[in-house]
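Before any comments, here is the structure.
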Amino acid sequence: MADVDGETLQVSGQPAGESRSSAGAGTAPQSASAYLNPSYWDERFAEEEHYEWLKDYSHFRHLVRRHVRPFHSVLEVGCGSSRLSEALLEDGVSDITSCDISEVAVEMMRKRLQGKGLKGIKVLVADMLSLPFDDDCFDIVIEKGTMDVLFVDSGDPWNPRLETVDKVKAMLEGVHRVLKPNGTFISISFGQPHFRRRFFEDPELTWSFEYETFGEEFHYFFYVLKKGQRASDETNRDSGEEFIPPPIQYLHEELEDEDFIFRTSVDELNA
Ligand SMILES: C[S@@+](CC[C@H](N)C(=O)[O-])C[C@H]1O[C@@H](n2cnc3c(N)ncnc32)[C@H](O)[C@@H]1O
């Protein structure tokens, strides 16, 4: 843990148990805010062939398959060097677009797919804060660990900095815009519902809000937001059951050696 700006922070890393191959040594940045800098990602991906943030597809496939059908058009935001798009392709989804702000990640992803003879996945450079797609054009938008990047320098998670709020709003409004009516946004995240919900339930956005968790001891969040389906009295499917965050001890031990920085109020976790 480290103390920054009076906040007690959880300094942790790649969420547990991920696979990587040909990873560059020393990929962790000096400070969390580097994750907001595209050149950090370019440098990292130049050395890193594969790194799977949070968990790989096998851990949440059962959840994806509830919402994604082979005929769906899918946009993956912030693909990095993940094999999520390949896994979706293997599961029969043929219309996949993956994007990332890192030109290096995009180029490496293209080469990898080409090397494997995989066709059908379009890969392009795009900023999630200004998605270069028409309105209403995807059935599914999916991201894993990408929105989390916007929170690395958010300050107090209960009262994030205005700049963080603006960026998250810009991202979500863009995702909402490119989704078809009744399309679904799937956000796979480390961020806990009590910190994410206020963003997902912005009055400008029409989607419903629900989530599941996955993972063994440590829980990751699988948010599902269905455009045009917000009910005024909406409650989470787990409502009635108070969300109990994992014990801080576990978080600390499990994530301490990893290279991603999650900012979490320890007081809140211990509450
Ligand atoms: C934590 S990594 C997650 C990568 C991948 N989704 C995974 O699960 O392994 C965050 C990714 O978001 C990308 N990224 C960061 N800022 C972005 C932005 N503004 N627009 C699009 N992608 C961005 C990074 O280049 C990086 O690939």
Contour excess over end-to-end distance, with Cα ends at ASP156 and ARG230 and 0.36 nm allotted per residue: 23.8 nm
Order these by the 10 Å Cβ neighbour count, fewest first: SER189, SER31. SER31, SER189
Considering the Cα trace of the range 56-247, what is its radius of gyration and what is Dmax, both in angstroms? 16.2, 50
SER73 versus ALA46: modelled label distance in nm, points set 7 Å from Cα along the beta carbon direction: 3.5 nm
Potential extension, SER94-GLU163 segment - 0.36 nm per residue separation minus Cα distance: 21.2 nm
Measuring from label point to label point, each 7 Å out along Cα→Cβ, what is the GLN30 to GLU216 span in nm? 3.7 nm
By Cβ neighbour count within 10 Å, fewest first, GLU103, GLU52 rank GLU103, GLU52
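Listed here are the pairs LYS116/LYS144; LYS144/LYS167; LYS116/LYS180; which of them are more than 25 Å apart at the Cα?
Numbers: LYS116/LYS144 23 Å; LYS144/LYS167 17 Å; LYS116/LYS180 31 Å.
Where the Cα-Cα span goes over 25 Å, the pairs concerned are LYS116/LYS180.
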How about the range 103-211: which chymotrypsin sites (Phe, Trp or Tyr not before Pro) there are in a DSSP loop, with at most 15 other Cβ atoms within 10 Å of their Cβ? TRP158
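We did not get these values from a lab; they are worked out from the coordinates using the rules stated. Everything quoted here is computed from the prediction, not taken from an experiment. Glycine also receives a Cβ, built like all others from the backbone with ideal geometry; neighbour counts cover every protein chain displayed.
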